[in-house]
Amino acid sequence: MNNPASFSIPFFIITILLFALIKRQNIWSHFTFGGMKGLKCAFEILPSLVGLITAIELLSASGALNAVSSFFAPVCNMVGIPEEILPLSLMRSVSGSGSTAVFQNILTTYTPDSYIGRTASVIMGSTETTFYTLSVYFAATRAKSARYCILCALLADLTGSIVASLLCKFL
């Protein structure tokens with residue numbers, strides 16, 4: 001027997017089609033118009049994504065991530081963030097796939113049940129790929145200044161890492 005949740009998407013599509021038929025709307029023209037707008041939006045966002053992916057690859061391949069982690073390690077130890085998860089905290093703001101690779105490495109090295117593994121798991125679940133998200137949002141909305149938004153988002157990521165470390169230490 002199928003899971004009832006597997007019927008939710010077909011039910012949603014059929015409901016939309018029935019509603020459009022009742023309202024006597026041209027379903028095909030609405031569908032093609034939405035597809036056209038979606039492709040236009042994707043095309044406008046593409047340059048930001050290419051630049052971001054290039055920067056991520058340069059950061060990872062150059063060893064800059066390890067150098068920055070080593071630089072901030074004493075400060076993080078004072079705040080309570082284990083230095084082993086510092087590369088994850090830094091990469092999480094930049095790249096989802098890069099942070100997933102760092103996360104898998106942490107879990108392989110320290111096990112999921114360790115303090116470092118639990119802290120890394122909470123960070124992965126409670127922070128966002130800030131620069132990716134902001135590049136998509138600001139490219140789509142054509143906003144000119146992202147300065148304060150980036151600062152606030154990075155402070156939120158830092159807060160998420162600190163709170164994850166503290167919660168995992170006490171729980």
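The numbers here are math on the coordinates, done by the rules we state, and not lab data. None of the values given here were measured: they were computed from a predicted structure. Cβ: placed from backbone, ideal geometry, glycine included. Neighbour counts: every protein chain shown.
Which helices count as membrane-span-like in the chain under these terms: full DSSP H, at least 20 Å along the axis by C-alpha, Kyte-Doolittle mean of 0.5 or more? The answer, listed by residue number, is 8-22, 27-62, 64-79, 147-170.
Order of 75, 122 from fewest to most other C-beta atoms within 10 Å?
Working: 75 11, 122 19.
The fewest-first ordering by Cβ neighbours comes to 75, 122.
Taking a point 7 angstrom from the Cα of residue 163 along the C-beta vector, which residues in the range 120-143 have backbone N less than 20 Å away? Taking a point 7 Å out along Cα→Cβ of residue 163, the residues of the range 120-143 whose backbone N falls under 20 Å are 120-131, 133-134.
Basic side chains Lys and Arg get +1 at the Cβ, acidic Asp and Glu get -1 at the Cβ, and with that the dipole of the chain about its Cα centre reaches some 800 debye. Think of the chain as having a plus end and a minus end, set by charges on the Cβ of Lys, Arg, Asp and Glu; of 100, 14, 62, 14 sits farthest toward the positive end of this dipole. Per DSSP H run of at least 4 residues, take -39500 (n - 2.57); add these up for the chain, divide by its residues and hand me the 222 nm value, nearest 500 deg cm²/dmol. My calculation for the chain gives -27000 deg cm²/dmol from helical runs alone.
Comparing 106, 22, 150 in a Gaussian network model of the chain where C-alpha atoms under 10 Å apart are linked, the largest mean-square fluctuation is found at 22. For the range 1-149, what relative contact order do you get, as a whole percent, if you take Cα pairs closer than 8 Å and at least 6 residues apart? Normalised by residue count, the contact order of the range 1-149 is 22 percent. Checking every one of the trypsin sites (Lys or Arg not before Pro) in the range 1-73 against DSSP loop status and a limit of 16 other Cβ atoms within 10 Å picks out 23, 24.
From the coordinates of this entry, Rg and Dmax of the Cα atoms in Å is computed, and it appears in (1) 15.7, 44; (2) 21.4, 66; (3) 19.1, 67 under the label (2).
Would you list 91, 124, 36 from fewest to most Cβ contacts within 10 Å?
36, 124, 91
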